[in-house]
1. Exactly one of these conditions fails for L58: (1) more than 17 Å from the chain's Cα centre (by Cα); (2) at pLDDT below 95. Give me its number.
2. Please determine, by comparing only the residues of segment 9-26 that are of a type outside the set (V, I, T) and surrounded by 12 or more Cβ atoms within 10 Å (Cβ to Cβ), which one is farthest from A53 (Cα to Cα).
3. Restricted to segment 27-63, and to residues that are closer than 21 Å to S2 by Cβ and among the polar types (S, T, N, Q), which residue is surrounded by the most Cβ atoms within 10 Å (Cβ to Cβ)?
Amino acid sequence: MSTPLPPEARDRLYAACARAITEAGPERESLFLARLALLLFEQVGDEARCSEALAHALQDLPVPSLSALTTTNGD
């Protein structure tokens, strides 16, 4: 079992990930996230742990709020 990230490192990585998703753009977001996951799975090197992480990520996944949605007509 690996050691959890300190909260500060987790916050920095979360912010860096959010910036990278934005840079990838909406049309490549899913491809970027799948590629990132695969690269991280290879670092973990344990299929069972990676499968558990996928299942955990889906648990209680929030629905985006209206404030997270962007509009194209200035509303």
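1. (1)
2. As a first pass, look at segment 9-26 and keep what is of a type outside the set (V, I, T): 9-20, 23-26.
If we keep only those that are surrounded by 12 or more Cβ atoms within 10 Å (Cβ to Cβ) too, we end up with 12, 17, 20, 24.
Numbers: R12: 20, C17: 17, A20: 21, A24: 23 Å.
Step by step, filter segment 9-26, then rank; the result is A24.
3. In this case the residue turns out to be S51.
The values are calculated or read from the model by the stated rules, or taken from the named source; none is laboratory data. Please read all numbers here as calculations on a predicted model, not as lab measurements. In this analysis, Cβ positions are derived from the backbone assuming ideal geometry, glycine residues included, and neighbour counts consider all displayed protein chains.
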